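K.L.:
Sharing a structure below in structure tokens format, with a few things to ask.
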Amino acid sequence: MEEKTKEEEKKTDSRDGKAPPKQRLTVCLLSAAFFGSIGSSFLYGYNLSVVNAPASYIKVFYNKTWLYRYNEPIGDETVTLLWSITVSIFAIGGLVGALTVSFLIKALGRKGTLLANNALALIAALLLALGETAGSFEMLIIGRFIIGMDSGVSLSVLPMYLGEISPRQVRGSIGQFHSIFICLGVFIGQVLGLPEIFGQESRWNFLFAFLAFPALLQLCVLPFLPESPRFLLMERRDEVGAKKAFQAFLGRNDVSRELDEVHAESRAQNTQRTASVLELVQKRSLRWQMITVVVVMSCYQLCGLNAIWYYTSGILKDAGFEDQLIPYITLSTGGVETLAAIISGLVIEKVGRRPLLIFGFSAMAVFFSLLTVFLHFQERFSWMPYLSFTSILLLIASFCSGPGGVPFVLTGELFEQSYRPPAFMIAGTVNWLSNFAVGLLFPFIQAALQTFAFLLFVVVCAAGAVYLLVVLPETKNKTFVEISQSFSKINGVSDQSHEQEMEDVLDANGLKAGGDVERESSF
């Protein structure tokens, strides 16, 4: 009875004796997640799949342009090189975009950076859509680079924004909007690429013109939604703006708890400026958080799902499916991916981040192993290709159950305010370098190892699952300060001084009234 009473007291407001209000999803919060994702995550996913359907038509365009310019047909090696550059330069642009994030958000803020980033999407849409009309394959290559920059910025800034505006009780679910819209973008790219829509020689440029639509949609709505209140309070010192933002996102007038908590965190960090990458790397108390982010983001790309997306058509063709059926079969993979991401978003606050990641990577290791076996024996049995396809679907579902979205949520949760921008910058760099490596090296690995190429991904997935099982604590429903403290032991530093500093700040702000009574905040 005594323990129960103490727990109830801890949940009691020290000022008015009332329990903290139950957190609910507000229209403002959902709108920020939806429209932030539609012009960011959606575009990234769309660009992963949109180049598959028009590939042969774009190569024909390259040949016509070359013939017009030089009065001779383009060589097979040259067209392959140009096409490879067109596809892979997307990742190079993403890397460049990720490296600029820390500087952009310092100048423009989270929401401001997302809005400014739409300019890149609109420029890329024009270049890609008008390249054929202008007779310039260079416009397509430059356009892919620019839309890659757009994705590099948005993949870092959006998860940061969503993590900072979301109450901790729903932070994982709101963060999963990022993953859901990536999957939705992939799916819509597949749908629009069907022969009945834009997957024709006379219409393929409309696939790229569509890029402007999500960007314009975000530009029309996001300006009317609040900036991150944590950014406003801790970095801009705008208490009035932060209060209004908290009120809008939480849907209530009394946000004193949230303001006091952010003030306390700011005082405990003893800095209001954004740390540099070098300062983050050198800080001992954040060592294993940084290692964890690098491992998780590396596994996110090196786990092999991009190889599945980039080479789905070839895998299905080798598995024995007819050419005219492949676009529709590929469409089903996008649908499974989207469904799995939605389910993950619904259960993440109940199950937790850690179990979803460990389960996802473990299941991927199993299904990559099965896919290797099925592909190896597919020529001996007529029914084996169907098992290969089933393995691909289960691989995609396993990825989206956790590894597809949780790494971005986790990166935002493992670091307090001043270290979050450089952490996302490092995470984005690792993400895009790994992406580029898979796209560049997998064809050679596949040529050398044949059906055993996917065993490399088995090793990556299994190693990632073991690391997370040993190192990662659960971050569900914890404040950013509590998450940082959970790494104190493994980092080899004492969290006593940090806790005492936080308590002193709480006392100074009148947040504690007696030894057993604490105030609870949504963030």
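K.L.:
Within segment 342-356, does at least one residue satisfy the condition of being in contact with a Phe, Trp or Tyr (Cβ under 6 Å, 6 or more places away or on another chain), open to solvent by less than 60 Å² (accessible area, probe 1.4 Å) and over 27 Å from residue 52 (Cβ atoms)?
P.N.:
no
K.L.:
Residue pairs, Cβ under 8 Å, 6 or more apart or interchain, first in segment 99-127 and over 22 Å from residue 33 (Cβ atoms), second of a type in the set (Lys, Arg). List them.
P.N.:
The qualifying pairs are 124/144.
K.L.:
Give the residue, chosen from 265, 261, that is over 29 Å from residue 39 (Cβ atoms) and open to solvent by 30 Å² or more (accessible area, probe 1.4 Å).
P.N.:
Testing whether each residue is over 29 Å from residue 39 (Cβ atoms) and open to solvent by 30 Å² or more (accessible area, probe 1.4 Å) leaves just 261.
K.L.:
Of the residues that sit in segment 52-78 and are aliphatic (A, V, I, L, M), touching a Phe, Trp or Tyr at 6+ places or on another chain (Cβ under 9 Å) and touching a residue at least 60 places away in the same chain (Cβ under 8 Å), which one is least open to solvent (accessible area, probe 1.4 Å)?
P.N.:
Residue satisfying both the conditions and the ranking: 58.
K.L.:
Here's something else I'd like to know. Starting from residues that are polar (S, T, N, Q) and surrounded by fewer than 24 Cβ atoms within 10 Å (Cβ to Cβ), keep the ones in segment 123-169 and report whichever is nearest to the chain's Cα centre (by Cα).
P.N.:
So the residue we want is 169.
K.L.:
When you check residue 370 against the structure, is it modelled with pLDDT of 85 or more and either part of a helix (DSSP H, G or I) or surrounded by fewer than 21 Cβ atoms within 10 Å (Cβ to Cβ) (or both), yes or no?
P.N.:
When the stated conditions are applied, residue 370 passes them.
K.L.:
What tally of residues in segment 235-249 results from selecting those that are aliphatic (A, V, I, L, M) and over 29 Å from the mean Cα position of the chain (by Cα)?
P.N.:
Number satisfying all stated conditions: 1.
K.L.:
Determine whether residue 213 is without any contact (Cβ under 8 Å) to a residue 24 or more places away in the chain and more than 20 Å from residue 112 (Cβ to Cβ).
P.N.:
Criteria met by residue 213.
K.L.:
Within the group 232, 278, 217, 194, which residue is modelled with pLDDT of 95 or more and at negative phi?
P.N.:
Of the residues listed, the single one that is modelled with pLDDT of 95 or more and at negative phi is 217.
K.L.:
Name the pairs whose Cβ atoms lie under 9 Å apart, with the first residue in segment 33-45 and open to solvent by less than 10 Å² (accessible area, probe 1.4 Å), the second not in a helix (DSSP H, G or I) and not small (Gly, Ala, Ser), and 6 or more positions between them or separate chains?
P.N.:
Hits for this filter: 36/225; 43/211.
K.L.:
How many of the residues in segment 278-298 are in a helix (DSSP H, G or I) and over 20 Å from the mean Cα position of the chain (by Cα)?
P.N.:
The total comes to 10.
K.L.:
Being over 25 Å from residue 222 (Cα atoms) and either among the polar types (S, T, N, Q) or in contact with a Pro (Cβ under 7 Å, 6 or more places away or on another chain) (or both), is that true of even one residue in segment 88-105?
P.N.:
yes
K.L.:
Any chance segment 393-414 includes a residue that's of a type in the set (Asp, Glu), more than 15 Å from residue 182 (Cα to Cα) and open to solvent by 40 Å² or more (accessible area, probe 1.4 Å)?
P.N.:
no
K.L.:
Here is a check on your reading of the model: is residue 107 at pLDDT 95 or above, hydrophobic (A, V, I, L, M, F, W, C), under 26 Å from residue 433 (Cβ atoms) and in a helix (DSSP H, G or I)?
P.N.:
Judged against the criteria, residue 107 is not a match.
K.L.:
For segment 107-122, state whether one or more residues are open to solvent by 40 Å² or more (accessible area, probe 1.4 Å), farther than 30 Å from residue 69 by Cα, over 21 Å from the mean Cα position of the chain (by Cα) and not basic (Lys, Arg).
P.N.:
yes
K.L.:
Now for a separate question. For residue 249, are the conditions met, namely being surrounded by 15 or more Cβ atoms within 10 Å (Cβ to Cβ) and in contact with a Gly (Cβ under 7 Å, 6 or more places away or on another chain)?
P.N.:
no
K.L.:
Name the single residue, out of those in segment 176-209 being assigned to a loop (DSSP other than H, G, I, E, B) and under 27 Å from the mean Cα position of the chain (by Cα), that is surrounded by the most Cβ atoms within 10 Å (Cβ to Cβ).
P.N.:
Taking the candidates together, the pick is 193.
K.L.:
Also, I was wondering about something else. Just checking, which of 377, 444, 361 is buried (at least 20 other Cβ atoms within 10 Å of the Cβ) and either under 18 Å from the mean Cα position of the chain (by Cα) or not hydroxyl-bearing (Ser, Thr, Tyr) (or both)?
P.N.:
Testing whether each residue is buried (at least 20 other Cβ atoms within 10 Å of the Cβ) and either under 18 Å from the mean Cα position of the chain (by Cα) or not hydroxyl-bearing (Ser, Thr, Tyr) (or both) leaves just 361.
The values are calculated or read from the model by the stated rules, or taken from the named source; none is laboratory data. All values derive from a computational prediction rather than experimental measurement. Note that we place each Cβ from the backbone using ideal geometry, even for glycine, and neighbour counts take in every protein chain shown. Just the protein is used for accessible areas: all its heavy atoms, side chains included, with ligands, DNA and RNA removed. Shrake-Rupley method; radii C 1.70, N 1.55, O 1.52, S 1.80 Å.
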